[in-house]
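What follows is calculated from the coordinates using simple rules that are stated; it is not laboratory data. Bear in mind that the values here come from a model prediction, so they are computed numbers and not experimental data. FYI the Cβ positions are ideal-geometry reconstructions off the backbone, even for glycines, and counts take in every protein chain you see.
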Amino acid sequence: MKKYMFTFALACSLTGLLSGCGLGNTKDIGQDKARQIALDDAGADESRLSHLRISKDRDDGKTYYEVEFLADNTEYEYEIAASDGEILSFDYEIKNPSASQEQTSGVSPSPTPAASPSVSATASPAREPADNAAPSGSISMEQAKQAVLERVPGASEANLEIELEHDDGQLIYEGEIHYNRTEYEFEIDANTGNFLKWSEDH
């Protein structure tokens with residue numbers, strides 16, 4: 001009788017220990033749900049995808065799905081929590097900016113629907129120091145800042161780092177925002193105002 005009571009007590013202790021450590025909780029949204037969350041967030045049509053890859057990984061005690069795909073000349077990468085489907089991070093990058101400018105339909109490269117996909121190059125130029133001045137026909141540093149801050153409600157210039165770079169013959173505004181425990185990185189075509197790259201890391 002004592003042997004059975006000891007076995008029962010041991011089983012109860014192990015069950016409590018496993019659930020207390022989170023090992024007994026095996027909730028997982030699955031690859032299909034992770035894929036759908038990423039596609040919905042990107043506004044991507046599944047029929048226009050290529051190079052879809054989904055893998056499961058674990059980092060800092062958190063299990064997540066990494067979802068990568070190419071849609072309409074834009075490469076997307078998502079990290080989605082396996083337990084509840086929360087988007088932990090995402091980024092996108094336009095693979096061929098000149099081809100993207102010729103497109104008139106397809107996936108918008110902005111996972112934030114309320115954000116404008118580009119800066120108007122015809123807006124009135126802002127006064128700024130000569131070292132921030134962009135060449136004629138380009139958007140100004142102030143216009144680039146405004147476009148970036150519109151994508152992160154609540155952030156201000158104090159949270160923003162931005163600079164004008166010359167990359168492979170192309171002028172690009174690149175930088176980052178640190179706001180509300182999230183790091184945002186971006187690249188903007190200085191001639192057209194189109195966002196070439198955007199990422200968020202929560």
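Annotation: peptides 52-58, 171-177, ranked by per-residue average of other Cβ atoms within 10 Å with the highest first, follow the order 171-177, 52-58. Entry note, the range 25-103: relative contact order of 25 percent, from Cα contacts under 8 Å with a spacing of 6+ residues. Between Lys62 and Glu165, residue separation times 0.36 nm minus the direct Cα-Cα distance comes to 33.5 nm.
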